[in-house]
Amino acid sequence: MSFQKIDLEDKTRSADRISVMVYGYDENEIKILKAYCDEHLIEHFIPVNDAMIDMSLEGILKLDQTEASPAQSLPAKAVIMNGFSGSDLQAFLRGFKNTGLERPIFATVTPVSKVWPFKLLINELIKEHEMMKNRTK
């Protein structure tokens, strides 16, 4: 997987529905995240549960409603964003610390990752996160 530079001044949104998928949070944290997404006018909020981790991101994004149950199979908290402009993304990330929640692994959906199973994406993000932590030591 590679990192792609995002133009933080860009206000152009993709044709995709603006969505946020969250994983690894308990019910109270999910409520906090949902409220945060509501503040940012994100209507498509998807708590990903363990029954969904073998689905592709594309498949999950097509869902209208999911069961907001805590997920525990994968050892990470993650927030995966889709359809954001660069400036929307910057505002979302900048304000996240105000939620009071621990910083998750953040990612955006790409044309390549869209077809990946959710579990594969999270495992790759965990590996990248560990590599980045080890680089800064």
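What follows is calculated from the coordinates using simple rules that are stated; it is not laboratory data. Predicted model only: the values in this text are computed from it and were never measured. Cβ: placed from backbone, ideal geometry, glycine included. Neighbour counts: every protein chain shown.
Between Ile46 and residues 5 or more places away or on another chain, which pairs have amide H atoms under 5 Å apart, with H built 1.01 Å from N, and which residues are they?
Counting only residues 5 or more places away or on other chains, the set is Val20, Met21, Val22.
Give the Rg (one decimal place) followed by the Dmax (whole number) of segment 51-137, computed from C-alpha coordinates and expressed in Å.
13.8, 42
Output wanted: per-residue J couplings in Hz (rounded whole) for segment 32-37, from phi through Karplus 6.51 cos²θ - 1.76 cosθ + 1.60, θ = phi - 60°, x for Gly and Pro.
Ordered by residue, 3J(HN,Hα) equals 5, 5, 4, 4, 5, 5 Hz.
For segment 52-137, which GluC sites (Glu not before Pro) are both in a DSSP coil and crowded by at most 14 other Cβ atoms within 10 Å?
Answer in residue order: Glu67, Glu102.
Once phi is turned into ³J(HN,Hα) by the Karplus curve 6.51 cos²θ - 1.76 cosθ + 1.60 with θ = phi - 60°, what whole-Hz value does each residue of segment 44-56 show in order, with x for glycine and proline?
9, 10, 10, x, 7, 10, 4, 5, 9, 5, 8, 7, 6
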